[in-house]
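Visitor: Here it is, the structure in full.
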2 protein chains.
Amino acid sequence: MTIDTTDLTRRQQEILAFIHQALEAEGRPPTRAEVCRAFGFKSPNAAESHLRALAAKGAITLEEGRARGIRLPGGFPRRSDTFHDTGLPLIGHVAAGNPILAIEHVESRHPVDPALFSPRADYLLRVKGLSMRDAGILDGDLLAIHRTETARNGQIVVARVRDDVTVKTFSARGRLVSLLPANPDFDPITVDTEIEPLAIEGLMVGLIRNGLPN
Amino acid sequence: MTIDTTDLTRRQQEILAFIHQALEAEGRPPTRAEVCRAFGFKSPNAAESHLRALAAKGAITLEEGRARGIRLPGGFPRRSDTFHDTGLPLIGHVAAGNPILAIEHVESRHPVDPALFSPRADYLLRVKGLSMRDAGILDGDLLAIHRTETARNGQIVVARVRDDVTVKTFSARGRLVSLLPANPDFDPITVDTEIEPLAIEGLMVGLIRNGLPN
DNA sequence: GCGCTAACTGTATAAAATAACAGCCAATCA
DNA sequence: TGATTGGCTGTTATTTTATACAGTTAGCGC
């Protein structure tokens, strides 16, 4: 019994791909809220109706009343095949307001083993600018990012503040969170998390630079 | 890196086994309530305290405030063996006087596609020290090296001077060759090539950093 | 234009799940 | 003997998550 994905809409295919990716990266299915965050939906019902549609077409099954009750028919995919032949997705231009992992943003795939990094890398992000220069992160570098929503002080994170995505050093003191650049030419960003939302998109777990020095 | 299960109690091992089993069978970690049902506990706190104990011993990690937030450390089942034959050799301690690519020095192999870099990488070299800090090369980084014996000014090279191997920026003026650090705390090395032999071992074509900052 | 569907926003609420607090009992160890 | 630890019961507050209901907008076929 195979799934016929030809009758899935483009968007539904993206949602399905995200579910696979979440299973791969997190080891468990996403919640409705996590789907919303990934795609930038503002209503949980957007995710809900997509999941219903996928379930109606047999692409997934939904367990009623259970947290993370999304299941893939034919069992849980082997943790290896999905990324193995394809490598890590390189996320390109992260346009403001857009979900970081939307398929449209996958610029290419790089033949890098996610297990090269620990915790494992979920995707690559191309750095623009020199705001983390003194941390050895230069313009054009690829950052290996592990998807997570929590961070500890001193870790370098991908953070989203009001539809703006940046890479900075994380530093929290109570409800105040500072995003520190590693370059005196740039100013820290401080956010009161009870006033402005701050979302951690991921944790830098590695770096890849390719090319000769300019 | 394996988890030392010898310091887990019998009951804790049973709980851990159940978590593995749930992940295998359901494709997601169990909730406290599901642990209770599986073991016949009448209080969710029974499961909670077992999970806390397992987390304290490093057998699992717990994500705070997340449904089914149990994770197995190290991401998931390791499969670093896959790329073993295909990856790039990582050259360890480059003993003075020895050819850099002697088999004895191959510390390990890293699952990296040589074609990720251009020109293609032939091996990886682990950087020691901070003499190239301002070029974004930090202590512990892996440099992707393309074997060549020639270099142009401004390129970062692996050079051997009198049985000493270093990574520096190449700069030639006539018969004088300077190896320039990218850190004001270090001094350039200048060599008169008609007096002292200087050998270029290779050209830096990329960089890989894995691990969290600090 | 009309009905239909996909793809959402926005609001609300109940159920599921986490996580804290206060205990009890038996075994082990100093 | 007292202190500590593992392994639980019982209760409850709070957060997370699922899911229902009521809309909006845009495109597509007729």
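The values are calculated or read from the model by the stated rules, or taken from the named source; none is laboratory data. This structure is a prediction, so every number in the text was calculated from the model and none was measured. Here the Cβ positions follow ideal geometry from the backbone for every residue, glycine too, while neighbour counts run over all protein chains shown.
Visitor: Say whether the condition of being closer than 25 Å to B:Pro73 by Cα, modelled with pLDDT of 75 or more and within 11 Å of DNA strand D (Cβ to nearest atom) is met by at least one residue in the range A:42-49. Break it down into steps so the answer makes sense when it comes.
Guide: Kept after step one, since they are closer than 25 Å to B:Pro73 by Cα, are these residues of the range A:42-49: none.
Checked against the condition, which is being closer than 25 Å to B:Pro73 by Cα, modelled with pLDDT of 75 or more and within 11 Å of DNA strand D (Cβ to nearest atom), the range A:42-49 yields no hits at all.
Visitor: Here are some conditions: (1) modelled with pLDDT of 85 or more; (2) at the interface with another protein chain (Cβ under 7 Å from one of its Cβ atoms). B:Leu143 meets all but one. Which one does it not meet?
Guide: Tallying (1) modelled with pLDDT of 85 or more; (2) at the interface with another protein chain (Cβ under 7 Å from one of its Cβ atoms), B:Leu143 fails exactly one: (2).
Visitor: Please enumerate the residues belonging to the range B:17-64 that are surrounded by 14 or more Cβ atoms within 10 Å (Cβ to Cβ), assigned to a helix (DSSP H, G or I), within 12 Å of another protein chain (Cβ to nearest Cβ) and near DNA strand C (Cβ under 9 Å from one of its atoms).
Guide: Across the range B:17-64, the qualifying residues are B:Arg32, B:Glu34.
Visitor: Identify, please: which residue in the range A:109-124 is surrounded by 23 or more Cβ atoms within 10 Å (Cβ to Cβ) and more than 7 Å from chain B (Cβ to nearest Cβ) and is, among those, nearest to B:Asp113 (Cα to Cα)?
Guide: Per the criteria, the residue is A:Pro114.
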